[in-house]
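Input: a single structure, listed below in structure tokens.
No lab work stands behind these numbers, since they all come straight from the coordinates. Please read these numbers as outputs of a predicted model, since none were measured by experiment. Counting neighbours? That spans all protein chains shown, and the Cβs are built from the backbone with ideal geometry, glycine included.
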Amino acid sequence: MLTPPVLASSPAAPAVHIKDDAFTPRALTISVGETITFTNDDDDAHTVTATDGSFDSKGLDTNGVWRHTFTKPGTYAYFCQLHPFMKGTIVVKAVSS
Amino acid sequence: MRRGSFLEHVAWTGAGIAYALGAGGLLTGRAVAAGANDSVEFVQISDSHIGFHQPANPDVAQTLQMAVDAINAMPAPPAFVVHTGDITHLSTPQQFDDARAILSQLRAPLIALPGEHDVVGNDFKPYLSNFRIPHSTTGGWASWDNNGVHYVVLLNVFNFEKMGLLGGEQLAWLAQDLHSVTPATPVVVFTHVPLYALYPQWGWTTEDGTKALALLQRFQNVTILNGHIHQIVTHQEGNIRFASADATAYPQPKPGAAPKPGPVTLPHTDLLRAIGYRRVEIADGDIRLEDRTLAT
């Protein structure tokens with residue numbers, strides 16, 4: 001049985017996991033154009049909602065996955081609409097040419 | 001401004017897609033009937049989270065059905081049933097359909113407040129397509145008088161980042177609304193999130209709630225009934241009594257008793273002892289609360 005080769009050189013895809021009413025990692029730095037995968041590993045529903053309104057996952061049920069591509073550099077604060085004490089930050093760095 | 005979109009939706013839904021309670025009509029009819037024996041009984045239910053499918057309660061539709069059946073089995077139908085929010089888990093049209101299919105079986109008018117779970121993604125359309133608060137203003141909040149009692153509905157789930165928050169417009173309306181009410185009139189207030197700082201670490205508070213409480217301070221008998229925290233907690237400040245209600249879906253931990261406020265999973269028989277509904281009886285200005293679980 002052949003198994004597809006694993007590309008050892010591919011960088012880890014940026015990911016945020018939601019568990020126990022918290023975003024992990026709470027702060028994540030990526031490069032502009034990268035896509036973050038948000039996964040709800042919790043037994044409750046959550047949202048990933050930007051404080052500035054620039055993105056909103058809407059309702060993310062248990063095991064729900066939402067991806068967002070960040071196209072502009074900057075620091076984005078976000079929270080969960082259902083549990084506003086849950087907060088996170090995404091720092092999007094410009095890519096130097 | 002997020003509440004702006006709620007105003008728009010209220011405007012276009014103003015013709016009344018509502019079901020079951022036909023705005024003021026039925027309530028007025030009840031008020032006349034209740035006047036005959038000078039006592040009023042209503043029921044509070046809360047936090048049904050239709051659409052939730054986790055071990056804490058794999059069948060939230062069934063437990064809401066049990067609550068509705070128990071209310072319908074009361075010797076006399078209550079004047080009305082108030083649902084203090086989180087009717088659904090994620091505000092989807094299907095979840096609202098399922099909730100309405102059960103709640104429409106109530107043999108009493110229904111007043112259903114939205115919780116934050118009913119407006120997820122800043123989308124009010126599914127809620128407003130299914131439920132409407134009678135006597136409501138364009139902002140959605142409401143008041144009415146029934147049998148010598150002044151009832152107020154306050155909405156504190158529309159500012160998502162600062163939930164709970166009433167906002168200046170609603171507070172100004174409340175001041176105006178209470179202006180002509182005499183201090184001896186019993187006042188009953190319905191909200192979703194607790195109006196006082198019950199446990200701010202978990203968001204169990206209303207940021208500008210103290211401003212509403214200041215307006216209510218001059219009344220001799222105020223009862224504030226809310227949901228959101230999935231458990232019975234009572235509290236007294238002067239003449240103001242607060243009482244959070246059980247959910248019909250699943251319990252949450254006591255304040256600070258767990259690392260997070262998420263659903264608590266119990267064996268089924270214990271679950272039925274931790275969820276339920278509340279009878280409220282008002283006679284001669286005396287407001288009596290009786291919480292009943294779904295355990296038989």
Residue list for the range B:63-94, given a label point 7 angstrom along the Cα-to-Cβ vector of B:E290 and an amide N cut-off under 15 Å:
B:70-79
Starting from one equal scatterer on each C-alpha and no solvent at all, send me the Debye-based log10 I(q)/I(0) for the range B:2-293 at q = 0.09, 0.15 Å⁻¹, two decimals.
-0.38, -1.18
Taking Lys and Arg as +1 and Asp and Glu as -1, residues besides B:S244 with C-beta under 12 Å from its C-beta add up to 0
Considering only chain B, what is the antiparallel percent among its DSSP beta bridges, to the nearest 5?
55
Between B:R218 and A:A15, what's the calculated FRET efficiency when r is the beta-carbon distance and R0 is 45 Å? Round to 0.05.
0.25
So how many Lys-Lys pairs in the protein assembly as shown land under 16 Å Cα to Cα, not counting same-chain pairs under 8 apart?
8
For each of B:S39, B:S180, A:S57, B:S48, count neighbouring Cβ atoms within 10 Å of the residue's Cβ, then give the residues from fewest to most.
B:S180, B:S39, A:S57, B:S48
For chain B, what is the mean residue ellipticity at 222 nm derived from helices alone (per DSSP H run of n ≥ 4: -39500 (n - 2.57); sum divided by total residues; nearest 500 deg cm²/dmol)?
-8000 deg cm²/dmol
Just the number, please: percent antiparallel of the DSSP beta bridges in the protein assembly as shown, rounded to the nearest 5.
60
Exposure proxy check: B:H179, B:H235 ranked by fewest other beta carbons within 10 Å?
B:H179, B:H235
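Give the average, rounded to an integer, of partner chain Cβ atoms located within 10 angstrom of each Cβ in B:116-128.
Averaged over the peptide's residues, the number is 3.
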Remind me, relative contact order of chain B in percent, using alpha carbon pairs under 8 angstrom and six or more residues apart?
20
So, with points 7 Å from each Cα along the Cβ direction, the B:N239-A:S96 label distance in nm works out to 6.9
For B:Q176 and B:Q65, FRET efficiency with R0 = 51 Å and r from the beta-carbon atoms, rounded to 0.05?
0.80
Nearest 5 percent is fine: what portion of the DSSP beta bridges confined to the range A:15-93 is antiparallel?
65
Mind jotting down the distance between the C-alpha centroids of the range B:148-204 and the range B:86-139, whole Å?
19
With an 8 Å Cα cut-off and a minimum separation of 6 or more residues, compute the relative contact order for the range A:15-93 in percent.
36
